1. Going residue by residue through the stretch 57-66, is there one that turns out to be free of Cβ contacts under 8 Å to residues at least 60 places away in the same chain, outside any helix (DSSP H, G or I) and away from the ligand (no atom under 11 Å from the Cβ)?
2. For R131, indicate whether it is among the basic types (K, R), away from the ligand (no atom under 16 Å from the Cβ) and either open to solvent by 20 Å² or more (accessible area, probe 1.4 Å) or in contact with a helix residue (DSSP H, G or I) (Cβ under 7 Å, 6 or more places away or on another chain) (or both).
3. Within the stretch 239-246, can one find any residue that is crowded, with 19+ Cβ neighbours inside 10 Å and in contact with a His (Cβ under 9 Å, 6 or more places away or on another chain)?
4. Can you report the number of residues in the stretch 134-160 which are open to solvent by 40 Å² or more (accessible area, probe 1.4 Å), within 12 Å of the ligand (Cβ to nearest atom) and touching a residue at least 40 places away in the same chain (Cβ under 8 Å)?
5. If only one of M40, M100 is part of a helix (DSSP H, G or I), at pLDDT 95 or above and near the ligand (Cβ under 10 Å from one of its atoms), which one is it?
6. Yes or no: L124 among the hydrophobic types (A, V, I, L, M, F, W, C), part of a helix (DSSP H, G or I) and either open to solvent by less than 60 Å² (accessible area, probe 1.4 Å) or under 21 Å from W251 (Cα atoms) (or both)?
7. Only residues that are touching a Lys or Arg at 6+ places or on another chain (Cβ under 8 Å) and either within 13 Å of the ligand (Cβ to nearest atom) or aliphatic (A, V, I, L, M) (or both): list them for the stretch 18-34, please.
8. Evaluate the following for A110: is it under 18 Å from the mean Cα position of the chain (by Cα), touching a residue at least 60 places away in the same chain (Cβ under 8 Å) and within 16 Å of the ligand (Cβ to nearest atom)?
Amino acid sequence: MYDWFLGGTQNWAVDREFGRKVERVWPHIRIVAKQNRQFMNRVVRHALDAGIRQFVDLGSGEPTIGNVHEVVRRHLPRGQRARVAYVDYEPISVVHSTAMLDQDRAQDWATVAQHDLRDVPGVLADRDIRRLIDFSKPVCLLMIAVLHFLGDDDRPGDLVRAYRDELAPGSWLGLSHIASDEAEPVGKIQIERFGEAYQKTTNPLWVRDREEIEGWFDGWELVRPGFVHLPDWRPERRVTETEAEGRPFAWCGVGEKH
Ligand SMILES: C[S@@+](CC[C@H](N)C(=O)[O-])C[C@H]1O[C@@H](n2cnc3c(N)ncnc32)[C@H](O)[C@@H]1O
């Protein structure tokens, strides 16, 4: 469904059907999905520019437009090596991501592992991930559009902290999350209904506000420009008026561990 929102081709009739329903409830979903993906793309490129060469993408999802290893491959300086580990708990996403890496002949420097990201020791001890990722060196940990699938009982803030404790200094955390605290009343209602639509699926979704999400960066130093809306994180062009309408519906930031 996410791929369909992004205008991709890796989606099925059932995704399109539910996607259309969701779009009626929350018309900004497409804009926000694109802005989210573009944010992830920029984080990966800036992490590479900062010298980070290892990426762990938690809740990586179905292969779609602009996957992390593709961004890395395009942006990595010639002659240098980087490593990418995708993690998702959906078996179908893992199967499709594995096929993508096979097709791209990227298996020697990228991998995909099936884990629930709430199992921090399980993710960090995974043999396939450890084959590629050296956790004693800086890692760019991505938690992009995934923590809103965790309920309060899962204590997302504690999870972020548990990962932070295991990462080397110089590591980055890139995080985005759906929100509505700065939306107009109509937008707030729309996103509430959007959340309700997801409650009936196997992937219920939680909308949170700035204060809570920003609090998860406790112990990380937010890199420039800090905790902002998706199009405002190191933008590369002017945000159009239509794009600006999606602005209040998500927060994002990148933190560095010292
Ligand atoms: C909306 S997609 C985001 C994909 C990608 N991170 C992005 O932002 O473009 C969310 C993904 O998170 C995965 N996910 C949700 N909860 C998870 C969990 N507890 N552990 C691992 N993956 C999870 C879902 O299976 C889905 O593939």
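1. no
2. Spelling it out, R131 is indeed among the basic types (K, R), away from the ligand (no atom under 16 Å from the Cβ) and either open to solvent by 20 Å² or more (accessible area, probe 1.4 Å) or in contact with a helix residue (DSSP H, G or I) (Cβ under 7 Å, 6 or more places away or on another chain) (or both).
3. yes
4. Result for the stretch 134-160: 1.
5. One residue alone meets the criteria, M40.
6. yes
7. V25
8. no
The values are calculated or read from the model by the stated rules, or taken from the named source; none is laboratory data. What you see is a predicted model, and the numbers here were worked out from it, not measured in a lab. For neighbour counting, all protein chains shown are included, and Cβ atoms are generated from backbone atoms with ideal geometry for every residue, glycine included. Just so you know, the surface numbers come from the protein's heavy atoms only, side chains and all, with ligands and any DNA or RNA stripped out. Shrake-Rupley method; radii C 1.70, N 1.55, O 1.52, S 1.80 Å.
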